[in-house]
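*Asks:* Structure provided below as structure tokens; questions to follow.
The values are calculated or read from the model by the stated rules, or taken from the named source; none is laboratory data. Owing to the predicted nature of the structure, the values given are computational and were not obtained by experimental measurement. Reconstructed Cβ throughout: ideal geometry from the backbone, glycine too, with neighbour counts over all protein chains shown. Accessible surface is based on the protein model in full, side chains and every heavy atom, while ligands, DNA and RNA are left aside. Shrake-Rupley method; radii C 1.70, N 1.55, O 1.52, S 1.80 Å.
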Amino acid sequence: MYEMIIKNYVDKLSYDDVINYTKKNNIILKDGEGKIIYDFIKKNWREIYKGDRLKMLNEIKNKVSNDTYLYILNIYNKYKDVKL
């Protein structure tokens, strides 16, 4: 059930949603990082949800700045145990 809810959310997720989230949370992205994050979510959400989450997050580590990666880890840690 949760997987279907997440799938529906990710299917509707837009690039602008990612950018607006970062702006709302005072996260400053470097050029191109918004697209990297958006593409990563769209491609890897199921593996992050069901698989080796930290391995997946490490895949994005070298694609974004260290500050952005730390923001991503912080967001992951904040929400990883949230139950719908």
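*Asks:* Grab the DSSP H runs of the chain that are 4 residues or longer, score each as -39,500 (n - 2.57), total them, divide by all residues and round the 222 nm result to the nearest 500 deg cm²/dmol.
*Replies:* -23000 deg cm²/dmol
*Asks:* Still on this structure, please answer the following. On average, how much accessible surface per residue is there in the chain, in Å², for a 1.4 Å probe, leaving out ligands, DNA and RNA?
*Replies:* Ligands and nucleic acids excluded, the figure is 75 Å² per residue.
*Asks:* What is the calculated FRET efficiency for Lys30 to Met1, with r their C-beta to C-beta distance and R₀ = 41 Å, to the nearest 0.05?
*Replies:* Here the calculated transfer efficiency is 0.65.
*Asks:* Take every Cα pair under 8 Å in the chain that's 6+ residues apart, average their separations, divide by the length, and report that relative contact order as a whole percent.
*Replies:* Relative CO of the chain lands at 30 percent.
*Asks:* Work out the length of the dipole vector of the chain about its Cα centre, built from +1 on the beta-carbon of each Lys and Arg and -1 on the beta-carbon of each Asp and Glu, and round it to the nearest 20 debye.
*Replies:* 160 debye
*Asks:* Averaged over every viewing direction, what's the projected area of the C-alpha convex hull for the chain? Give it in nm², one decimal, please.
*Replies:* For the chain, averaging the hull's shadow over all directions gives 5.3 nm².
*Asks:* Now for a different question. Considering only protein heavy atoms and a 1.4 Å probe, what is the carbon-and-sulfur percentage of the accessible area of the stretch 9-55?
*Replies:* That share works out to 52 percent.
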